[in-house]
Structure formats: structure tokens, C-alpha cells
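Here's the structure, in C-alpha cells; my notes come after.
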Amino acid sequence: MNSIIDDLKFQYKIGGIANKMIYWNVGVFLLSIIFFYQFKSGVFDFPDWLAVSSEPTIVLTRPWTLMTYAFFHYGFMHLFFNMMVLNFSSRLFLTFFTQKQYLGLYILSAIFSGLCFVVSFYFLHQVSNMVGASAAIMALLVATTTYQPLMNVRLLLIGNVKLWHITAVILLLDLLQIQIDNTGGHIAHLSGAFFGYIYIKLLQNGTDLSKIVDSVLGIFTQKKKTPFKKVHVNPKKPAVRRDSKIVVKDKTQQQLDEILDKISQSGYDSLTAEEKEFLFKAGK
């Protein structure tokens, strides 16, 4: 058991943002079983301070729900299929874009889709709560499709198909089911898809919306380090310790040179008695 936990920790540590996103969704789901699953009725009962509500007044007082709802799921199958599509979409998206852009798109599309859900249900005069990562996942898929629609994707039992074919089928199913079941969910899916399309178009024009998220969270912003200043210090020359004998020798040599110069100019007889005596001792 400990080895499994250690392996999961290691995979989380070395994995990228897509891997971490799956871990976060699964981890939140496990916690939600403990706190919000009604074992008697067999359903989840999420409070309106976690799930996004269609009531505008509730959303205004709990704005964080526009993001928290994207990490909760109504059941295991809901989580399972979402994580399968998330893994698929993440791999495609990160082929062309950065982890910072991935996180930015996930969060911004979730917020945008949550707002679309609130507004649409307000005009439809319906009241409901919504959870699920589907809207953000659709944003990742459509963003990649917008950027590289003709990309070949190999599907099991089908073979190679164009990426835009897969995305078109999923969007078509959402459109066909929007009035049949889970209206709020399908509205959120289509809203996420629309945001993914707009995100790429803005990015191609030089506007990266992910900078908004990174400026707030600062996960991928590298802190500016104080530049290392290399100071060149001239090494101090070691102090020369003059030996007393050397000093005396230098002084003697200087006096001797002066006497020799005097002899060369005026002759030996010009020397004083002291100079002659000094010269005699130096000669010894």
C-alpha cells in the first residue's frame, strides 16, 4: 500500500500540468464522497458554495463557485469519461502550447462557461446547480482543433481520422441533446467550446489570455532573482618583510658606491680618514 502511495506521489511530482489536473479532479471526487455523497439516496448533494448556482444573487455572493464547480463530479462514470477526454485533449493541446496556456485556458473557460450557464438559466427561468469539468475540457479540445484542424488522430477500432471530425461529432451531439437532457451541462459544453475557439484566435493575434491567470496565481511566473554581480578584487601583494641584514647591506652598498664614485672623480687621496677606514673594512 505504501509503495502505491509513493508511486502516486512520484507520478504527481514528475508529471506535467495535465497529469496534475487529473489528480486534482480525482482527489476532489474522493473527498466529495466523504462529505457530500448521500448513501441513502445514492446521489451527491453539493452545496451552493461549491457548485455553481443558476441564481445570479448566489453567484454574486460566492464568485469562487465559477471555478470550484469545474473540479467536482456527480458520479464515478461522470468523472471517468471526463478524465478520459481530458487526458486525450490535454495531450493534443500540449503538443502545440505551453502548460501556462493550458492552465489559463482551463480556468478561464470554466469561469466563462459558468457565467453562460447562469445567464441562460436566468432567461429560461430555471433553477439548478452545476458541477463538472466538461466545459473546460471542451475548451481544450476545440482550441487544439481550431489551431490544427487537419491533425491526424488514430482511434481504436476506427483508425486515422481528422481532429476536426472528432470535435464536430461531439459538438453535434451537444446541440442535439440540449433540449432533451442536462440542458445546463450542454450549454456549458458549447460555451467552453466557443471560448476555446476565441482563445486561439486571440492568441494568434498576439493576445495571450493565460497571462491573466498567471498574474493572479503566479504558478509559472519565475521570481526575478537578484543578478549576481561578480566583483573583481585585485589581490593584495604580500607585504615584503625586509630582513634587517638586507637593509644594512643595502645601506653599506650605497655608501660604498659613493666612495668609489669619489675616488673615480678626485682620486684616493680625496677620501677622509673615516672613508678610507670604511673602504678598508668593506674590502675585507
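Identify all residues within the stretch 108-150 that are β-branched (Val, Ile, Thr) and under 22 Å from Val28 (Cα atoms); write none if there are none. Reasoning before the result, please.
Initial filter on the stretch 108-150 (β-branched (Val, Ile, Thr)): 111, 118-119, 127, 131, 137, 142, 144-146.
Result: Ile111, Val131, Ile137.
Which is assigned by TED's automatic domain parsing to the domain that holds Met67, without any contact (Cβ under 8 Å) to a residue 24 or more places away in the chain and aromatic (Phe, Trp, Tyr), of Phe123, Phe195, Phe117, Phe112?
Only one candidate qualifies: Phe123.
Against the definition (in contact (Cβ under 8 Å) with a residue 40 or more places away in the chain and touching a Lys or Arg at 6+ places or on another chain (Cβ under 9 Å)), how does Ile17 come out, yes or no?
yes
Name the residues in the stretch 107-145 that are of a type in the set (Gly, Ala, Ser) and either in a helix (DSSP H, G or I) or closer than 23 Å to Leu217 by Cβ (or both), would you?
Ser109, Ala110, Ser113, Gly114, Ser120, Gly132, Ala133, Ser134, Ala135, Ala136, Ala139, Ala143
How many residues does the stretch 86-106 contain that are part of a helix (DSSP H, G or I), surrounded by fewer than 20 Cβ atoms within 10 Å (Cβ to Cβ) and either out of contact with any Gly (no Cβ under 8 Å at 6 or more places or on another chain) or not polar (S, T, N, Q) (or both)? Can you show your working first?
Of the stretch 86-106, the ones part of a helix (DSSP H, G or I) are 86-96, 99-106.
Narrowing the set further to residues that are surrounded by fewer than 20 Cβ atoms within 10 Å (Cβ to Cβ) leaves 87-88, 91, 94-96, 99-100.
Cutting the leftovers down to either out of contact with any Gly (no Cβ under 8 Å at 6 or more places or on another chain) or not polar (S, T, N, Q) (or both) gives us 87-88, 91, 94-96, 100.
Number satisfying all stated conditions: 7.
Would you check which residues across the stretch 126-162 are small (Gly, Ala, Ser) and free of Cβ contacts under 8 Å to residues at least 40 places away in the same chain and list them?
Once the filter is applied, which keeps residues that are small (Gly, Ala, Ser) and free of Cβ contacts under 8 Å to residues at least 40 places away in the same chain, the stretch 126-162 yields only Gly159.
Please verify whether the stretch 153-166 includes one or more residues that are among the small types (Gly, Ala, Ser) and assigned to a helix (DSSP H, G or I).
Going residue by residue through the stretch 153-166, those that are among the small types (Gly, Ala, Ser) are 159.
Retained after the next criterion (residues that are assigned to a helix (DSSP H, G or I)): none.
Within the stretch 153-166 (the criterion being among the small types (Gly, Ala, Ser) and assigned to a helix (DSSP H, G or I)), the answer is no, since none of the residues qualifies.
Pro149 versus (1) loosely packed, with under 12 Cβ neighbours inside 10 Å; (2) part of a loop (DSSP other than H, G, I, E, B): which is the lone unmet condition?
(1)
Checking the condition modelled with pLDDT of 90 or more and surrounded by fewer than 17 Cβ atoms within 10 Å (Cβ to Cβ), which residue from Phe72, Phe81 passes?
Details: Phe72 fails: surrounded by fewer than 17 Cβ atoms within 10 Å (Cβ to Cβ).
Phe81 is the lone residue from the list that is modelled with pLDDT of 90 or more and surrounded by fewer than 17 Cβ atoms within 10 Å (Cβ to Cβ).
In the stretch 1-23, how many residues are surrounded by 13 or more Cβ atoms within 10 Å (Cβ to Cβ) and either modelled with pLDDT of 75 or more or not in a helix (DSSP H, G or I) (or both)?
Count: 8.
Could you tell me which of the residues Leu203, Leu209 is in contact (Cβ under 8 Å) with a residue 60 or more places away in the chain, touching a Ser or Thr at 6+ places or on another chain (Cβ under 9 Å) and surrounded by fewer than 20 Cβ atoms within 10 Å (Cβ to Cβ)?
Exactly one of Leu203, Leu209 is in contact (Cβ under 8 Å) with a residue 60 or more places away in the chain, touching a Ser or Thr at 6+ places or on another chain (Cβ under 9 Å) and surrounded by fewer than 20 Cβ atoms within 10 Å (Cβ to Cβ), namely Leu203.
Suppose the filter is within 30 Å of Ser53 (Cβ to Cβ), at pLDDT 70 or above and of a type outside the set (Val, Ile, Thr); does Ala188 pass it? It would help to see each step written out before you state the result.
On the way: within 30 Å of Ser53 (Cβ to Cβ): yes; at pLDDT 70 or above: yes; of a type outside the set (Val, Ile, Thr): yes.
For Ala188, the condition - within 30 Å of Ser53 (Cβ to Cβ), at pLDDT 70 or above and of a type outside the set (Val, Ile, Thr) - is met.
Restricting attention to the stretch 54-75, which residues are assigned to a helix (DSSP H, G or I), without any contact (Cβ under 8 Å) to a residue 24 or more places away in the chain and of a type outside the set (Ser, Thr, Tyr)?
Ile58, Leu60
The values are calculated or read from the model by the stated rules, or taken from the named source; none is laboratory data. This one's a predicted model, so the numbers in the text were calculated from it and none came from an experiment. Please note: Cβ atoms are built from the backbone with ideal geometry, for glycine as well, and neighbour counts cover all protein chains shown.
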